[in-house]
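One structure is given here, and the rest of the page talks about it.
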Amino acid sequence: MRARLIALLLTPMMLFAADLQAAEDTRARDAATQLKDQVIEWRRDIHQHPELGNRETRTAALVAKQLRALGLEVETGVAKTGVIGLLRGATPGPRIAIRADMDALPVAEEVDLPFASKVRVQFNGSEVGVMHACGHDAHTAMTLGVATALAGLRDQLSGEVVFIFQPAEEGPPTGEEGGADLMLKEGLFERLKPDAVFGMHVFYTLHAGQIGVREGPMLAGSDRFQIKVLGKQTHGAQPWRGIDPIVTAAQIINQAQTIVSRQTNISELPVVLSFGMVHGGLRWNIIPDQVSLEGTIRSFDPLMRQQTFDSLQRTAEHVAAAQGARVETVIPMTEAVNKVTRNDPALTRRMRASLEHAVGADQVLTIPPSMVAEDFSEFADQVPGMYFFVGSVPPEQELASAEPNHSPRFFLDEAALEVGMRAMLQVALDALAGAAQPKR
Ligand code: NI
């Protein structure tokens with residue numbers, strides 16, 4: 001009887017305490033539910049009006065207008081068309097950065113949607129369709145949602161959030177600078193160095209509702225190379241009078257296939273070597289004097305990267321020498337197209353709980369490293385970073401049949417928008433509450 005009385009007295013108190021905690025815990029969920037329709041609306045608007053890298057003027061104007069309406073401190077024209085929004089919380093605390101990319105791709109949309117892109121522009125001398133085939137429309141819209149939610153909670157926040165709306169993630173047009181690299185060159189992290197930077201990307205290897213993340217290398221580093229094979233021009237009928245760079249180039253391409261398959265320990269981390277361009281010759285009956293090869297190397301480890309460069313160099317030189325030809329090589333062609341996107345292991349371990357809290361532990365998957373590359377790596381190279389995938393495939397569709405990012409048929413299940421927004425919001429709330437820093 002007495003026990004029952006105590007239980008009767010205790011239960012309402014416990015419920016009250018649990019209620020308080022629940023109320024605390026559902027801020028991200030509540031805000032995401034409330035903002036879902038608005039975020040879909042932004043996403044469709046941006047989707048219908050895609051802009052290529054360094055040309056994101058309409059998108060930037062939309063972003064800046066919204067951030068100003070929220071009362072953020074806004075900078076425009078950062079790295080040409082970028083927008084920075086600074087949200088200050090009520091009390092001092094950590095400074096975190098959340099990055100969204102805004103650019104679209106020269107791809108003609110083939111998805112049958114009422115808000116499909118019909119935009120066409122001039123690009124590298126030809127007219128092309130423009131499409132948000134990589135889902136950056138979703139990133140911009142979700143991050144605007146996160147900014148809106150956090151601005152509404154400003155009184156409860158400690159610290160600062162730097163919203164980075166970045167142009168030209170896919171690379172600037174030929175002859176221009178742009179992207180994360182230019183933002184940093186202009187001093188973004190000198191003015192507003194964050195304690196941690198976060199980014200997300202909608203991706204076709206996961207279902208909507210799922211989040212994918214891993215500690216350490218997450219996206220590959222990307223390098224570009226060029227090999228010029230120099231032979232001696234002759235009549236196609238008299239190959240012995242010259243040196244055939246076409247046959248030599250073919251042998252270099254074939255021999256290069258053993259670099260990854262026979263010389264690289266891919267049981268540790270993957271490496272990819274692909275040729276993307278083979279140019280040579282002007283006429284069917286003339287053996288030309290040179291052939292130009294270009295391609296890409298994707299890797300995760302600095303030593304494996306260097307070994308791949310060395311092997312390719314050796315292969316090109318020796319195969320050419322065996323044919324009496326010569327090579328001129330630029331391996332790598334540039335410093336690196338993209339660095340490895342590396343998730344800070346300690347930060348990722350701490351913030352994984354926020355992702356799990358936001359979407360459910362069973363919906364947060366540890367994924368293998370992906371061979372695609374990202375210039376988020378520039379930010380995460382300067383400060384601890386965490387980057388995660390937001391699944392984009394409708395739950396009823398088989399993942400194997402999903403069109404990849406960059407396809408003209410890339411399709412985003414809009415349910416992903418609420419999920420990504422909720423996840424990033426929870427990460428931001430927890431990071432501002434000190435979760436991103438090591439416990440003292
Ligand atoms: Ni992308």
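The values are calculated or read from the model by the stated rules, or taken from the named source; none is laboratory data. Keep in mind that this is a model prediction, so the values were computed, not measured. For neighbour counting, all protein chains shown are included, and Cβ atoms are generated from backbone atoms with ideal geometry for every residue, glycine included.
On inspection, A336 qualifies as closer than 19 Å to L303 by Cβ, out of contact with any His (no Cβ under 6 Å at 6 or more places or on another chain) and either of a type in the set (G, A, S) or in the same structural domain as G178 (by TED's automatic domain parsing) (or both).
Looking across segment 366-378, just one residue is in a strand (DSSP E or B) and surrounded by fewer than 18 Cβ atoms within 10 Å (Cβ to Cβ), and that is T366. Suppose we filter segment 379-400 for residues that are part of a helix (DSSP H, G or I) and either buried (at least 23 other Cβ atoms within 10 Å of the Cβ) or in contact with a His (Cβ under 8 Å, 6 or more places away or on another chain) (or both); how many remain? Going through segment 379-400 one residue at a time, the tally reaches 3.
Among residues of segment 286-317 being aliphatic (A, V, I, L, M) and in a strand (DSSP E or B), the one that is surrounded by the fewest Cβ atoms within 10 Å (Cβ to Cβ) is I286. As for segment 344-356, it holds at least one residue that is part of a loop (DSSP other than H, G, I, E, B) and touching a residue at least 24 places away in the same chain (Cβ under 8 Å). Of all residues in segment 376-409, those being within 13 Å of the ligand (Cβ to nearest atom) and either of a type in the set (A, V, I, L, M) or not assigned by TED's automatic domain parsing to the domain that holds P167 (or both) number 1. Of the strands (runs of 3 or more DSSP E) lying entirely inside segment 66-168, those containing at least 3 residues that are in contact with a strand residue (DSSP E or B) (Cβ under 6 Å, 6 or more places away or on another chain), more than 16 Å from the ligand (Cβ to nearest atom) and modelled with pLDDT of 95 or more are 73-78, 82-88, 91-101, 158-166. Number of residues in segment 260-284 that are outside any loop (DSSP other than H, G, I, E, B) and touching a Phe, Trp or Tyr at 6+ places or on another chain (Cβ under 8 Å): the value is 0. Selection of segment 169-182 for residues being on the phi < 0 side of the Ramachandran plot, away from the ligand (no atom under 16 Å from the Cβ) and not charged (D, E, K, R) yields P173, T174, L182. Residues in segment 416-434: is at least one closer than 25 Å to R44 by Cβ, in a loop (DSSP other than H, G, I, E, B) and out of contact with any Gly (no Cβ under 8 Å at 6 or more places or on another chain)? The answer is no; no qualifying residue exists. Say whether the condition of being under 27 Å from A436 (Cα atoms), within 19 Å of the chain's Cα centre (by Cα) and within 16 Å of the ligand (Cβ to nearest atom) is met by at least one residue in segment 187-198. Within segment 187-198, one or more residues are under 27 Å from A436 (Cα atoms), within 19 Å of the chain's Cα centre (by Cα) and within 16 Å of the ligand (Cβ to nearest atom).
Yes/no matrix, rows are residues, columns are (1) surrounded by fewer than 21 Cβ atoms within 10 Å (Cβ to Cβ); (2) in contact with a strand residue (DSSP E or B) (Cβ under 7 Å, 6 or more places away or on another chain); (3) in the same structural domain as F389 (by TED's automatic domain parsing); (4) not in a strand (DSSP E or B):
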| residue | (1), (2), (3), (4) |
| --- | --- |
| F225 | no, yes, no, no |
| K228 | yes, yes, no, no |
| A237 | yes, no, no, yes |
| W240 | yes, no, no, yes |
| V247 | yes, no, no, yes |
| A250 | yes, no, no, yes |
